[in-house]
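First comes the structure, then the notes that go with it.
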Amino acid sequence: MPDYRSRPSRPGKLRRAAPCVVGIALVAFGAAASAAWKTPPVPERPNLPVDLPAPPVPQGAAAPAIPPDLLKPGATITLAQVVDIALQNNPVTRVSYLAARSAAAELGSKRAPYYPSVVIAVSGVRSNQLSQDPNVNAVADIYGPSVAVNYLLLDMGGRSANADDARFGLIAADWSHNATIQNVILSVETTYVQYVNAKAQMEAAQANVKTTEAALDAATKRHDAGVGTIADVLQAKTAFSQARLSLQTFEGQVLALRGALATAMGFPANTPYEVGVLPAEVPLERGTDAVEQLIATARARRPDLATARALVEKADAHVRAVRSEGLPTLSLSAGADRVYYSPARVIDRQDLWSARVLLTFPLFTGFANTYDIRKAREDAGVARAQADTLEQQVILEVWTSYYFFQTATQLVRTSRDLLASAEQSERVALGRYKEGVGTIIDLLTAQSALAGARSQDIQARSAWFVALAQLAHDTGTAAPLDQPIAVLKEGAKP
């Protein structure tokens, strides 16, 4: 027989040490609670701000690196490079990318029930049985490892439905990531075109300044020669000042849009860089497919529409998963334990094992499963209706952008003719005024028409590129404007 009196207790020392331990624990808890319950300041009066410390800087990703080629003096970057830089640095694409990776991890988790689960544990128990003798107690230690295996043999389709739910969730996240990329491309392209449009408008404003300056010089010379009036000089000077004011306005727009494009690329607004100019010639010979074919392309390739369809499949899979929760399941479980005893009373160790097959059937759950199935079905109907609504919206967007693109093409042609006739009219009016057979009003009117024609020509070319980018986006084929776009075909008449 083991001697259980071999471990005498020391209650006196324990009683003396207990208050110290409790005191230390209370002090630690009080300090933690004080830090957690610290009350922030509140406003003293409605017209006074609250004095708050600076918030901590979040530990995010490293600042985007600026390509060395971009910083070289005189270097220009193309639209394709701008788009590539923006896709790498834009936090919106990073969010959708991480969401897709999260969905992939969710799929792996939902497939886990297809495999058995194995749990290994080590336990230890110390027990103390006090005897009637206060100076003697019996302390025993029981410890040892254990392993348990559980495997779901049959679940009437629950595992498959949950896996399909997660799989369609991943597909939806992938399509959503593609949609985010296309949205970023369209946003960057629009900002890029706005920037080069402002640069072209600034150059046109500089040309207008030179044009009005020539009129002012002619009026001044006629006045000095005694064949012109001071009114002509003043009117020409007014037109010259208005042209300079317009130039200064466009200079401010150029700087603002330059910062906006840098921000779209993920760089600070003051980053030194430069891009190209608005093309003088627009490839109007590039046509598009018929609108019906573009709509069919959008139905097949629009990533947001594909996302909505995947969410419908996900909702249907969820209905099956909820239905399986009310069906029987068959599982297998097995376990093995080794237990050690110290001090050994009869034996010093013992091996145990068990195995069982478990059939469970949720006979009655208070109608919870019935209502869960009904809710899942209604949610699936909502997802299907949302997909139908989005499809109608996609068709409308393609229809609208197609005819916007056709209109933009016609505007480019018309603005070219308008610019050519305005230039010729201004040259004739300036020559007539210098010869003394024209009035300053005629000259200023012709110069104003020329300034408007220059602006409209630039705006028409810019609008053509924006309309092209919008059409490509709406059909699900977004790509940088200086790269081939799938929606376009060479040689077709618009």
Thr211 - would you say it is under 19 Å from Leu79 (Cα atoms), part of a helix (DSSP H, G or I), among the hydroxyl-bearing types (Ser, Thr, Tyr) and in contact with a helix residue (DSSP H, G or I) (Cβ under 9 Å, 6 or more places away or on another chain)? no
If we scan segment 116-123, do we find a residue that is polar (S, T, N, Q), surrounded by 19 or more Cβ atoms within 10 Å (Cβ to Cβ) and either in contact with a Lys or Arg (Cβ under 7 Å, 6 or more places away or on another chain) or not in a loop (DSSP other than H, G, I, E, B) (or both)? no
Sort out which residues of segment 438-456 are in a helix (DSSP H, G or I) and either touching a strand residue (DSSP E or B) at 6+ places or on another chain (Cβ under 7 Å) or closer than 13 Å to Val428 by Cβ (or both), and write them in order of number. Asp442, Leu443, Thr445, Ala446, Gln447, Ala449, Leu450
Can you spot a residue in segment 299-307 that is surrounded by fewer than 15 Cβ atoms within 10 Å (Cβ to Cβ) and on the phi < 0 side of the Ramachandran plot? yes
Cβ pairs under 8 Å, 6+ apart or interchain, first in segment 355-378 and β-branched (Val, Ile, Thr), second in a helix (DSSP H, G or I), ordered by first then second residue, are Ile373/Val319; Ile373/Val322; Ile373/Arg323
Within segment 347-359, track down each residue that is at pLDDT below 90 and either β-branched (Val, Ile, Thr) or over 29 Å from Ile120 (Cα atoms) (or both). Ile347
Does segment 430-462 hold any residues that are closer than 20 Å to Gln235 by Cβ and either touching a Gly at 6+ places or on another chain (Cβ under 6 Å) or of a type in the set (Val, Ile, Thr) (or both), and which are they? Arg432, Val437, Thr439, Ile440, Ile441, Thr445
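Here's the yes/no breakdown for (1) surrounded by fewer than 19 Cβ atoms within 10 Å (Cβ to Cβ); (2) at pLDDT 90 or above; (3) under 33 Å from the mean Cα position of the chain (by Cα):
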position: Asp141; (1), (2), (3): yes, no, no
position: Asn150; (1), (2), (3): yes, yes, no
position: Gly157; (1), (2), (3): yes, no, no
position: Ala172; (1), (2), (3): no, yes, yes
position: Asn183; (1), (2), (3): yes, yes, yes
position: Val188; (1), (2), (3): no, yes, yes
position: Gln194; (1), (2), (3): yes, yes, yes
position: Gln201; (1), (2), (3): no, yes, yes
Of (1) aliphatic (A, V, I, L, M); (2) at pLDDT below 90; (3) under 30 Å from Leu216 (Cα atoms), Ala449 satisfies every one except (2)
In segment 417-450, residues that are closer than 27 Å to Leu468 by Cβ and buried (at least 17 other Cβ atoms within 10 Å of the Cβ) total 3
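Each row is one residue, and each column tells you yes or no for (1) at pLDDT 90 or above; (2) over 30 Å from Tyr114 (Cα atoms).
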site	(1), (2)
Leu261	yes, yes
Ala264	no, yes
Asn270	no, yes
Pro279	no, yes
Val282	no, yes
Leu305	yes, yes
Ala310	yes, no
Glu313	yes, no
Ala336	yes, no
Looking at Ala262, Ala269, Ala256, Ala321 in this structure, which one is without any contact (Cβ under 8 Å) to a residue 60 or more places away in the chain and surrounded by 19 or more Cβ atoms within 10 Å (Cβ to Cβ)? Ala262
Condition first: surrounded by fewer than 14 Cβ atoms within 10 Å (Cβ to Cβ), touching a residue at least 12 places away in the same chain (Cβ under 8 Å) and among the acidic types (Asp, Glu). Can you find one or more residues in segment 219-226 that meet it? no
Of (1) under 29 Å from Leu468 (Cα atoms); (2) assigned to a helix (DSSP H, G or I); (3) within 24 Å of the chain's Cα centre (by Cα); (4) not aliphatic (A, V, I, L, M), Pro268 satisfies every one except (2)
Give the residue, chosen from Thr389, Thr370, Thr400, Thr409, that is part of a helix (DSSP H, G or I) and either crowded, with 16+ Cβ neighbours inside 10 Å or not β-branched (Val, Ile, Thr) (or both). Thr409
When segment 325-362 is checked residue by residue, the ones that are surrounded by 14 or more Cβ atoms within 10 Å (Cβ to Cβ) and of a type in the set (Phe, Trp, Tyr) are Tyr340, Tyr341
Give segment 224-243 a look and list any residue that's farther than 17 Å from Ala449 by Cβ and in a helix (DSSP H, G or I), or say none. Asp224, Ile230, Ala231, Asp232, Val233, Leu234, Lys237, Ser241
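The values are calculated or read from the model by the stated rules, or taken from the named source; none is laboratory data. These numbers were taken from a predicted model, which means no experiment stands behind them. Reconstructed Cβ throughout: ideal geometry from the backbone, glycine too, with neighbour counts over all protein chains shown.
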